[in-house]
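Have a look at the structure below, then the notes.
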Amino acid sequence: MPSSTDPSSLPGARPSLWRHRNFRRYLTGQAASVTGSSISTMVIPVLAVLELDATTAEIAWLTFLGQLPPALLALHAGALADRHAKRKQMITGTLVSAAALASVPVAAALDRLSLTQLMVVAAVQGAAGAVHDAAAISLLPSLVDRSLIQRSNSRIGGLFAVAATAGSNLGAALTALLGPARALLGDVLSYLISAWCTARIQTPESPRPAAECRRLHTEIGEGLRYVHGDHRLRTLTLVNATTSSALALLNTLWALYLLRSLAMSATAFGVVLGFGALGAAAGALAAPSLAARYGPGPMMLAALAITPLTQLPLLLASPGLAWQVAIGAALLLQLACAAAAGTTQRSIRQVVTADGMQTRMQAVSTWLTSGARPVAALLAGGLGTWIGVRPTLIIGTCLLLVPLVVLYRSPLRTLREMPGSPAAGPPSADTFAQPAPSPLGPAVPNPAAPGDERHDRSSGGGP
């Protein structure tokens, strides 16, 4: 709930996100982190490919080790965030990430930097990021009223996309001025800013007393059953996971293909990433109006249908400025679709989930989404070595059709309005004796009704 000191919480006041002091602090801190992460997203591939001469297999292992910890830790991090103060968990993860990343420019200054160290740093950052993200995403519903969640996610998505654009361009500039290793100091600074902003959030939290906490695996099981028992959560989580798997395969080799096969410079690579992020800003900001006009279901379905088509310029490209522009334009469209769909599906999941299950619901989505990524990274490395990078990118493009089919076969595809909120209060243990029916049946069309989902090039909505 909004802080009692927020003007928007006064009787008769028109709800305004910008009057929520805690929301502004949350948004500023997370946007700073996104800006810094975009620097790393642009710089680390340049460092690995151009400075350390990484092979296709080594790039795949670097990606795998960075994405494995969230797959292993997401469920546990989500259950812990339900027990403890979310802000402390966010700050801890942020500071650990800053310390790990700071070791890279130090090692480079001592001429001791290696791919092994980059892999260790990637693994530590992945673990710290899982701890941070489990708390950060589920903190939002406690900062604003549920009626503002869709608008909040839209503003967050738009600002994050702008921050990603700034980060990519800043990364390119810092790489040109300081070299790729020292450019990472920009990300270290962003982590410190994020921790400071998070520490200033004053919304009271009520961690459960130790006496009320059951075994961690029991609470994890409740989260899994909760998501499985609601067809909306189940469908959107599966859409997220399949989208993430396909994009992880593409992302593993995307930078390698642009930098090596298409001979793109580090500066052009950063500009392309930044240009594409503008599409994410547009898609996130337009999501509420698009969902209101066409319905959340049809809008998400159209976005998923367009996404595979945006890969065609990449697959057809050859070295040259014209193709670089075409790839940037396609990336802009891809991220616009991803942000519009991702913002909408995340809002639906947050709105329909009971307060006591927000973190564990998010953890289940993160676990499945993150679990697909390391497997896809290893698959990309193996296929890229065996059949070549470009054929592997073609396979990844074909896999983008899977989430489209998943959503098309669900009644969510005809969802015409945002669903309402569930009953307030956390569910009891008895709630999980069997899968619960959807508490908001009328909001979702009957299945039999006629006309039956980096800083990273992700699905845009996040887990």
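The values are calculated or read from the model by the stated rules, or taken from the named source; none is laboratory data. Please read all numbers here as calculations on a predicted model, not as lab measurements. Cβ coordinates were reconstructed from backbone atoms using ideal geometry, including for glycine residues, and neighbour counts include every protein chain displayed.
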If you check every pair at least six apart or on different chains, which have Cβ atoms under 6 Å apart with a residue in the range 143-160 that is at pLDDT 75 or above first and a residue that is not in a helix (DSSP H, G or I) second?
-> Leu143/Thr203; Ser152/Val144
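From Leu258, Leu178, Leu185, Leu189, which residue is within 23 Å of Leu333 (Cα to Cα) and modelled with pLDDT of 80 or more?
Leu258
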The condition of being under 22 Å from Ser138 (Cβ atoms), of a type in the set (Ser, Thr, Tyr), modelled with pLDDT under 80 and crowded, with 17+ Cβ neighbours inside 10 Å holds, among Ser8, Ser37, only for Ser8
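Condition check: over 22 Å from Asn22 (Cβ atoms), of a type outside the set (A, V, I, L, M, F, W, C) and assigned to a helix (DSSP H, G or I). Does Thr116 satisfy that?
On the way: over 22 Å from Asn22 (Cβ atoms): yes; of a type outside the set (A, V, I, L, M, F, W, C): yes; assigned to a helix (DSSP H, G or I): yes.
Criteria met by Thr116.
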If a residue has to be among the aliphatic types (A, V, I, L, M) and part of a loop (DSSP other than H, G, I, E, B) to count, how many in the range 20-64 make the cut?
-> 2
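Within the range 418-435, is even one residue modelled with pLDDT of 50 or more and either surrounded by fewer than 15 Cβ atoms within 10 Å (Cβ to Cβ) or under 22 Å from the mean Cα position of the chain (by Cα) (or both)?
The answer is yes; a qualifying residue exists.
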Among helices (runs of 4 or more DSSP H) completely within the range 269-384, the ones holding 1 or more residues that are farther than 27 Å from Ala123 by Cα and under 16 Å from the mean Cα position of the chain (by Cα) are 321-352
Take the residues in the range 152-184 that are touching a Pro at 6+ places or on another chain (Cβ under 6 Å) and in a helix (DSSP H, G or I), then tell me which one is nearest to Ala280 (Cα to Cα).
-> Ser154
